[in-house]
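Notes for the one structure printed next.
What follows draws every value from the coordinates through simple rules; no lab data is involved. Computed from a predicted structure; not experimentally measured. Ideal geometry is used to build each Cβ from the backbone, glycine not excepted, and the neighbour counts take in all protein chains shown.
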Number of protein chains: 2
Amino acid sequence: MLYIIGLGLGDERDITLRGIDAVKKCDKVYIEAYTSLLSFGLSTDGLSNMEKLYGRPITVADRETVEEKADHFLSEARDSDVAFLVVGDPFGATTHSDLVVRAKNLGVQVKVVFNASVMNAIGICGLQLYRYGETVSIPFFTETWRPDSFYEKIQRNRSHGLHTLCLLDIRVKEPSFESLCRGRKQYEPPRFMTINTAIEQLLEVGQLQGEPAYNEDTDCVGFARLGSEGQMIVAGTMRQLQKVDFGAPLHCLVIVGKTHPVEEEMLDFYKLTDDIPQQNDNGIA
Amino acid sequence: MLYIIGLGLGDERDITLRGIDAVKKCDKVYIEAYTSLLSFGLSTDGLSNMEKLYGRPITVADRETVEEKADHFLSEARDSDVAFLVVGDPFGATTHSDLVVRAKNLGVQVKVVFNASVMNAIGICGLQLYRYGETVSIPFFTETWRPDSFYEKIQRNRSHGLHTLCLLDIRVKEPSFESLCRGRKQYEPPRFMTINTAIEQLLEVGQLQGEPAYNEDTDCVGFARLGSEGQMIVAGTMRQLQKVDFGAPLHCLVIVGKTHPVEEEMLDFYKLTDDIPQQNDNGIA
């Protein structure tokens with residue numbers, strides 16, 4: 001049996017009781033490193049806290065392990081119980097559909113334990129989840145590659161008054177271009193896009209349009225470390241948010257559409273005043 | 001302090017460790033009855049299981065208590081720790097923004113514990129969450145009231161190839177029309193919309209259009225009791241799903257947009273074969 005278990009957003013205490021029970025049944029426990037490295041700080045003592053609390057040794061599975069060696073742990077899952085831990089929800093922002101498909105094709109039974117993901121936790125800012133349009137991803141621009149397919153989607157959402165969730169690029173364990181040329185993989189340090197960079201790129205693309213769908217005065221909400229104790233949520237215009245230091249990863253951004261009065265009232269709690277908030281206590285238990 | 005704690009979707013074991021810790025700190029624990037009555041079966045032994053597991057007596061707060069007597073428990077929360085338990089995520093499909101606004105305006109600190117909601121758990125069927133358009137609600141039609149504002153939104157989503165989540169009507173503790181006339185409240189029995197009724201209403205509205213955005217051959221996914229052990233997920237055309245008995249509440253429906261190959265592969269696991277599945281074991285731990 002393969003258990004795919006959502007860990008939620010904050011730390012090791014965001015697993016559910018159902019999730020803990022499943023982990024304790026398993027002979028082997030893997031954790032996906034791709035986002036967990038950044039959000040749970042697994043490089044430091046996050047992993048050992050987790051091992052202590054869950055009562056199981058945990059193997060970190062980086063992207064290559066998952067993509068290249070999936071057959072290995074899927075064959076383990078045929079004969080024994082294997083847990084695969086995933087930050088957020090198993091089918092949230094990063095999808096694990098491919099792993100499920102491979103497992104089922106190999107005749108491995110799959111069970112899922114749900115949890116919160118960024119896709120629903122952004123509800124905390126007060127903007128109603130059913131008033132969001134299509135979600136967009138903002139990739140890191142390079143000198144030669146400046147893909148802007150997000151623009152058209154944002155424009156469409158805004159023309160119907162809908163909010164837009166922007167997921168910001170994460171680069172973990174990317175082989176460097178130089179190392180690929182030399183035929184020996186070396187990795188770039190992990191990078192995550194800040195809200196500031198995202199707004200810069202959004203404005204760059206917007207300024208190329210005749211009548212841009214948004215500009216520096218457009219209302220947004222910036223989220224950093226959503227669901228963790230140091231969570232920071234700030235509402236303001238693109239111009240205002242660009243000046244805020246949101247600190248450590250992960251970040252995401254919502255472009256606000258047409259609002260209802262209750263949405264406005266909630267947003268007001270997160271609005272910038274003269275003192276830029278360092279951390280909200282609109283917080284996490 | 002007011003703790004608003006998401007319970008997740010299945011049963012009392014879907015609370016997170018962070019959530020349990022918060023409940024145990026609280027002097028008073030309320031549970032919102034509106035959806036929990038239907039999804040957690042609180043009328044039977046769900047409540048006592050929950051009290052046993054969480055180690056606290058729990059007061060069921062029906063809709064009226066929340067709306068009319070919120071000031072009472074918010075004033076409790078000013079001087080002590082009060083937990084308000086909510087099925088799913090605090091800011092998922094049913095929103096509790098209003099309660100937060102009232103609390104903050106009274107100077108009560110609020111902390112939130114996230115959990116899974118239907119808005120992200122539908123990811124289990126393999127359709128990517130970032131490929132959904134605006135969510136729609138399907139209300140019960142009556143003889144004289146047949147609101148169809150969902151149609152335009154579905155049409156718009158489909159014209160851009162996006163999937164649509166349809167949330168289906170729930171009626172709990174609605175005063176009957178007759179009793180309101182007599183000035184003494186009596187309640188209708190709880191009602192929830194089945195997938196079958198939703199499709200019937202969707203097709204009725206579609207058939208009034210020139211070139212309907214969907215018809216009996218449109219692919220959909222029906223979800224019943226999402227996240228609980230008896231979860232049922234079936235993919236098929238509207239015509240096919242209309243013949244399926246999805247059983248007990250809660251139900252929701254996704255109208256499938258344009259699909260990618262990985263989405264297709266996952267959907268295939270849920271497709272109807274000759275034997276109508278009674279229950280999926282694509283299951284819950």
Per-residue ellipticity at 222 nm attributable to helices in the protein assembly as shown (runs of n ≥ 4 DSSP H, -39500 (n - 2.57) apiece, nearest 500 deg cm²/dmol) works out to -9500 deg cm²/dmol
What percent antiparallel are the DSSP beta bridges of the stretch B:2-116, to the nearest 5?
5
Rounded to the nearest 5, the percent of DSSP beta bridges in chain B running antiparallel is 50
Checked the protein assembly as shown with the C-alpha gyration tensor, a ≥ b ≥ c its square-rooted eigenvalues, rounded below a/c of 1.5, otherwise prolate if a/b is larger than b/c and oblate if not; verdict rounded
Quick numbers on chain A, Rg and Dmax over C-alpha atoms in Å, give 20.1, 60
Using packing as a proxy for protection, rank B:148-160, A:205-217 so that the peptide with the highest average count of other Cβ atoms within 10 Å comes first.
B:148-160, A:205-217
Net charge near A:TYR151 (other residues with Cβ under 13 Å of its Cβ; Lys, Arg +1; Asp, Glu -1) is -1
Between B:HIS160 and B:ASN105, how many nm apart are label points set 7 Å from Cα along the C-beta direction?
3.3
Unit charges on C-beta of K, R, D, E only; dipole of the protein assembly as shown, Debye
520
One would report the antiparallel percent of DSSP beta bridges in the protein assembly as shown, rounded to the nearest 5, as 45
Which three extents, in angstrom, do the Cα atoms of the stretch A:119-270 have along their principal axes, listed largest first?
58, 42, 27
Pairs of Cα atoms under 8 Å, at least six residues apart: use those to get the relative contact order of chain A, whole percent.
19
Mean-square fluctuation check for chain B, GNM, Cα pairs under 10 Å: which of B:VAL101, B:VAL113, B:VAL221 is largest?
B:VAL101
Can you spot the aspartates and glutamates whose alpha carbon is less than 19 Å from A:LYS185's alpha carbon? Ignore those fewer than 8 places along the same chain.
A:ASP62, A:GLU64, A:GLU67, A:GLU68, A:GLU174
Evaluate the charge dipole of the stretch A:2-116 about its Cα centre and quote only its size in Debye, nearest 20, assuming +1 on the Cβ of each Lys and Arg and -1 on the Cβ of each Asp and Glu.
380
Given charges at beta-carbon only (K, R positive; D, E negative), |dipole| of the stretch B:119-268 in Debye:
640
Taking a point 7 angstrom from the Cα of B:THR273 along the C-beta vector, which residues in the stretch A:69-112 have backbone N less than 18 Å away?
A:101-110
Checked against the positive end of the charge dipole of chain B (+1 on Cβ of Lys and Arg, -1 on Cβ of Asp and Glu, about the Cα centre), the farthest of B:ILE233, B:ASN120, B:CYS252 is B:ASN120
Spin-label pair A:GLU211/B:THR142, simplified geometry with 7 Å Cα→Cβ offset, distance in nm:
4.2
Per the Kirkwood formula over distinct C-alpha pairs, the hydrodynamic radius of the stretch A:123-205 in angstrom is 14.8
Taking 29 Å as the cut-off for C-alpha to C-alpha distance, list the pairs among A:LYS25/B:LYS111; A:LYS25/B:LYS28; A:LYS52/B:LYS52 that go past it.
A:LYS25/B:LYS111; A:LYS25/B:LYS28
Please give the direction-averaged projected area of the C-alpha convex hull for the stretch B:2-116, in square nanometres with one decimal.
6.0
